[in-house]
Amino acid sequence: MVDLKFSKKIISIVSSIFVVILIATSAIWYRHNQSQQNKSTTKQEQILKTPKAQGKQIVALNYSKLKIKTAADIYQQKVQNNLHQQVKKLEKKKNYSFKNMLILANPYLTSTTSLYLHFKTKQPAKISYRVNSGKKIPVFKRTLYNPNGTYAKNHSYQLIGLISGQKNKITITATSKNGSKTTKTFTYKAPQLTGKEANHLKVNTGSSKQKLSSGLYAFLGDQNLKQRATYFVDNDGYVRAETPIINYNSLRLVQHNDQLYFAVNSNQIVKINRLGRMLKSYSTANQGYLIHHDFAVDNSGNIISLATSLKAKKQEKRVEDQVIKISNRTGKITRLIDFKELMPDLYKKAKSIETMSTNKGYHDVIHANTIQLLNHDQILISSRETSTIMKISDFETKPKLDYFISDDSVWKGISNYSNLVLKKENNFISQAGQHSVTYIPTSQSGVYYLEMFNNNSAIMHSRLSFKWKNYSGTGGYSVSKKYHSSYYKYLVNENTGSYQLVKKIKVPYSPFVGSVQSKDGNVIIDSGMNSKVLEYDQNGKLIKSFSTKGKVKFLYRVYKYDFENFYFKD
């Protein structure tokens, strides 16, 4: 009996040592990964090369007096105004025809390999183009969008789709209303990509024969790049465009009317037009905030963004728990939500400090990572730290918590928050550490779908005593084949106060980051810490996957965009 007790004691000690080693190993791995990310961050302010003229047809602006060295110089209003004045001066220099058009190399510096076209046609014409970049590279072809009408006489466009470092043969076609066609062909060797990413990703074909969705994959926040950039990939894995940014990542692209919003830094969101010109820059640091993770644009063009208060960060050591509104017209910031004020009882309970992530040393009680605008002054907020999706009403006037979507164990013992948790309709494990939560309305009032990247990661530093017993199969900080993340799709019924899991697709495990998107009947998934993008058919069978070639595996999000009524009219 003594030997048995002694053996049990030894087993207990060994088990404890194993757990300590496992936690320490995860910590070392995570810090190493963060170190690699930080190293990539320090390389972001690369010296940018401005475009140069090629032959007699491709013209470049004069950048010599602007002293443009880095991406930060591009996104200054004075610089953009100067470039626009140069473009307009060239356009007025003479009457450009279809056969003798004005062709500028990336005049506004916001799309590395792009070309700007300006000309007039005698008769109203629809303009299309095709790009041949080599025998082994598929042809890229599109019909161009013209705000003057499908058939028009005045034409200004930005061409994307050219392959970096390749001699691209570009054929422009003008089609009249009666069907007659005229073509113009020229060549352009596109410059190297500023991020130094490969022209072509690793591509693997799955078992599904389903056609891939339309559009270009926007790779957001690839931390392997030497210069931060958002780049756009076609269905064959070729990089067809690139937008250099200053730091951080673009968060997402939001097309509002004929303008495109995206972040270029953690304190700056910009708005560009279809020709690549920055129309407006919204700065936040000078008003006391940093932006992070996500933003949305309302019907008036105002930006609703997740934010960190610089005052709260300095005085209270807390981060990523604010929602702000940035006026489209003036750029003035209004604070809409401070989660410490909205949920004071949670902050009394969640006292621990973040020890592992980029927020190390701070209180990261909410860690909001997605915002979705609904109707009637309502929003959904995804909180990674609490593995909860929160519905908030009257968020612009007097914010009120409506309900939570989470496992009820998260909220037991904290105020009356357990009463806010919706009921599960079937037996499944709730999301853990989710990202990229997307609202999909239905025709029935109070009923909608939610899709998300369920990281399936059991991480909560603000409440170290929390027990993850209701989350079997969840992983930790390390990327591991032992665990998996998933595409989750919920059906939420506010009328019955319930939600149910209606679709699930297992993908490689990513403890942090990741995204999902339903498009053309398919599902696009970014397993962020594997830097792998997978597109599945409606039955969950893989159609094709794309992987980056760099050593650092950290890809924030990937969404697919058609750019309809912006660049294209297909």
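The values are calculated or read from the model by the stated rules, or taken from the named source; none is laboratory data. Keep in mind that what you see is a predicted model, and the values were worked out from it rather than measured. When we count neighbours, we look across all protein chains shown, and the Cβ atoms used for this are built from the backbone with ideal geometry, even at glycine. SASA here: full protein model, heavy atoms, side chains in, ligands and nucleic acids out. Shrake-Rupley method; radii C 1.70, N 1.55, O 1.52, S 1.80 Å.
Helix 2-42 against the longest principal axis of the chain: what's the angle in degrees, Cα atoms only, rounded to the nearest 10? Compared with the principal axis, the helix lies near 20 degrees.
About its Cα centre, the chain has a charge dipole of approximately 2560 debye under the convention of +1 per Lys or Arg Cβ and -1 per Asp or Glu Cβ, with nothing else charged. Cross-linked pairs 424/469; 49/99; 92/184; 391/569; 226/482: Cα-Cα separations exceed 28 Å for 49/99; 391/569; 226/482.
Between residue 427 and residue 65, the FRET efficiency estimated from the beta carbon spacing at R0 = 56 angstrom works out to 0.25. Where does helix 77-93 land angle-wise versus the long Cα axis of the chain, in degrees 0 to 90, nearest 10? Here the helix axis deviates by roughly 20 degrees.
Under a 5 Å amide H cut-off, with hydrogens placed 1.01 Å from N, residue 510 pairs with 485 among residues at least 5 apart or on other chains. For segment 144-157, backbone phi angles converted through the Karplus equation (6.51, -1.76, 1.60; θ = phi - 60°) give residue-by-residue couplings of 8, 8, 10, x, 7, x, 4, 10, 8, 9, 9, 9, 9, 9 Hz, Gly and Pro being listed as x.
Loop-resident trypsin sites (Lys or Arg not before Pro) (DSSP state other than H, G, I, E or B) in segment 81-178 with no more than 12 further Cβ atoms inside 10 Å of their Cβ: 94, 99, 135, 136, 177. Seen from every direction in turn and averaged, the convex hull around the alpha carbons of segment 41-148 projects onto 9.6 nm².
Evaluated at q = 0.13, 0.14, 0.20 Å⁻¹, the base-10 log of the normalised Debye intensity for segment 417-570, with identical point scatterers placed on the Cα atoms, takes the values -0.67, -0.76, -1.33. Computed on the Cα atoms alone, the convex hull of segment 69-202 gives a volume of 128 cubic angstrom per residue. What do you get for trypsin sites (Lys or Arg not before Pro) in segment 507-561 restricted to DSSP loop and a cutoff of at most 10 other Cβ within 10 Å of the site's Cβ? Counting only loop positions with at most 10 other Cβ atoms within 10 Å, the trypsin sites (Lys or Arg not before Pro) in segment 507-561 are 551.
Kirkwood radius for segment 143-191, taken over all pairs of different Cα atoms as the inverse mean of 1/r, rounds to 12.5 Å. When the Cα positions of 417, 95, 427 are compared along the charge dipole of the chain, 95 comes out farthest toward the positive end, with charges on each C-beta of Lys, Arg, Asp and Glu.
Across segment 351-357, rounded Karplus estimates of 3J(HN,Hα) from the backbone phi angles (6.51 cos²θ - 1.76 cosθ + 1.60, θ = phi - 60°) give 9, 6, 9, 5, 10, 10, 7 Hz, Gly and Pro being marked x. Within straight-line reach of residue 78, meaning a Cα separation under 15 Å, there are no aspartates and glutamates at least 8 residues removed in sequence or on another chain.
Shape of segment 251-352 from its Cα gyration tensor (a ≥ b ≥ c, root eigenvalues): rounded if a/c is under 1.5, otherwise prolate when a/b > b/c, or oblate? Here segment 251-352 falls in the prolate category.
Extension gain, residue 287-residue 443: 0.36 nm per intervening residue step, less the Cα-Cα distance, totals 52.1 nm. For residue 66, the shell of other residues with beta-carbons less than 11 Å away shows a net charge of +3, using +1 for Lys and Arg and -1 for Asp and Glu.
At 0.36 nm per residue, minus the direct Cα-Cα distance, what do residue 187 and residue 551 gain on full extension? Give it in nm, one decimal, please.
That pair, residue 187 and residue 551, stretches by 127.6 nm at full extension.
Which lysines, on any chain, are close to residue 313 with Cα under 22 Å apart, when same-chain ones fewer than 8 places away are left out? Qualifying lysines at Cα under 22 Å: 325, 332, 340, 348, 349, 351, 360. Residue separation of residue 348 and residue 203 scaled by 0.36 nm, minus their Cα-Cα distance, works out to 47.3 nm of gained length. Taking all protein chains together and rolling a 1.4 Å probe, residue 239 ends up with roughly 0 Å² accessible. Pull out a ≥ b ≥ c, the square roots of the eigenvalues of the alpha-carbon gyration tensor of the chain, then state rounded if a/c is under 1.5, prolate if not and a/b is larger than b/c, and oblate in the remaining case. Judged from the Cα gyration tensor, the chain comes out prolate (a/c at least 1.5, a/b above b/c). Taking other residues whose beta carbon is less than 15 angstrom from the beta carbon of residue 140, and scoring Lys, Arg as +1 and Asp, Glu as -1, yields +3.
For residue 126, what charge total do you get from the other residues with a beta carbon under 13 Å from its beta carbon, if Lys and Arg give +1 and Asp and Glu give -1? Charge balance in the 13 Å sphere: +4. Indicate the gyration tensor shape class of segment 364-456 (rounded, prolate or oblate), computed on the Cα atoms with a ≥ b ≥ c the square roots of the eigenvalues: a/c under 1.5 is rounded; otherwise a/b larger than b/c is prolate and the rest oblate. Taking the square roots of the gyration eigenvalues as a ≥ b ≥ c, segment 364-456 is rounded. Surface analysis of segment 66-204 yields an accessible area of 48 Å² per residue, using protein heavy atoms and a 1.4 Å probe.
Trypsin sites (Lys or Arg not before Pro), restricted to segment 434-477: which are DSSP loop and have at most 13 other Cβ atoms within 10 Å? Numbers along the way, then the final one.
Working: sites: 463, 467, 469; in loops: 463, 467, 469.
Answer in residue order: 467, 469.
The relative contact order of the chain, computed from alpha carbon pairs under 8 Å that lie at least 6 residues apart in sequence, is 12 percent. Straight-line cross-link partners of residue 549 among the aspartates and glutamates, defined as a Cα under 20 Å from its Cα and at least 8 positions apart when in the same chain: 197, 222, 234, 236, 242, 526, 535. Solvent-accessible area assigned to carbon and sulfur over the chain amounts to 49 percent, based on a 1.4 Å probe.
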